[in-house]
Amino acid sequence: MTLLLRRRGLLPGLALLSLGTVLAGCTSILEQPAPDKRSYLIAAERGQRLAPPARGPVLAVRSFAISPNYEGQGLVVRRAAPAIESDFYNQLFIPPAAMVEGAASGWLRDSGLFVTVGAGSGDLPPSHLLEGTVSALYGDYADPAAAKAVIDLQLLLLDIRPNALSSVAARGDYHRAVPLAAPTATALVAGWSAALHDILGDFEDKVRAAVAEGRHR
């Protein structure tokens, strides 16, 4: 049969037809659009912005630390133990430690408790130092019907004035697990934002009490 096809000049045509079919299939696959990457922000803004005092404490902020399990920008989810995944296509806009640090700095800046807040204090020597550690930041999808946004955050306000009676002015060790309507990236980031908003509101109360106590000494 092969000999007959060769004599009639049909075999090269069949080969080309097969090759063309394969190439057409490959072209179809290559033309399919790749999934888009999406970036998200964990946002926690204080509702009311209070003016800073003309005189008073000055807050410096140290770069926040984070557990190596969560330092990447991909959204981390945990399914059935011990599975843990980082989402390549759904990511935070900047590294999570910097994002949480920025939210905490902005919140305390709007609290009206400090003359300035930031990594540097300019000409004013800092009286207090803010430190933070993110020890967990993930979506708990072990039960997809009861998914949660989990964040563990430790915040520490240090009084670094030479005459301070204690170096630790305020401390908060927080664990939040916010239920999600669905196990999606959008819902997960919204859950983290809600948790962080609650945490910073509570920590501001601690800081406010510490600053008031320091003024009365």
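The values are calculated or read from the model by the stated rules, or taken from the named source; none is laboratory data. These numbers come from a predicted model, not from an experiment. Note that each Cβ is placed from the backbone with ideal geometry, even for glycine, and that neighbours are counted across all protein chains shown.
For the reader, a short list of remarks on this structure follows.
- Flag if A97 is in contact with a Phe, Trp or Tyr (Cβ under 8 Å, 6 or more places away or on another chain) and not in a strand (DSSP E or B): yes
- Looking across the range 78-94, the residues that are assigned to a strand (DSSP E or B) and surrounded by 15 or more Cβ atoms within 10 Å (Cβ to Cβ) come down to R78, S86, D87, N90, Q91, L92.
- The condition of being in a helix (DSSP H, G or I), of a type in the set (S, T, Y) and surrounded by fewer than 21 Cβ atoms within 10 Å (Cβ to Cβ) holds for S105.
- Within the range 108-134, tally of residues that are surrounded by 16 or more Cβ atoms within 10 Å (Cβ to Cβ) and either under 16 Å from the mean Cα position of the chain (by Cα) or charged (D, E, K, R) (or both): 6
- Of all residues in the range 61-77, those satisfying the criterion of being in contact with a strand residue (DSSP E or B) (Cβ under 9 Å, 6 or more places away or on another chain) and part of a helix (DSSP H, G or I) are N69, Y70.
- Some residue of the range 54-77 being surrounded by 10 or more Cβ atoms within 10 Å (Cβ to Cβ) and modelled with pLDDT under 90: no
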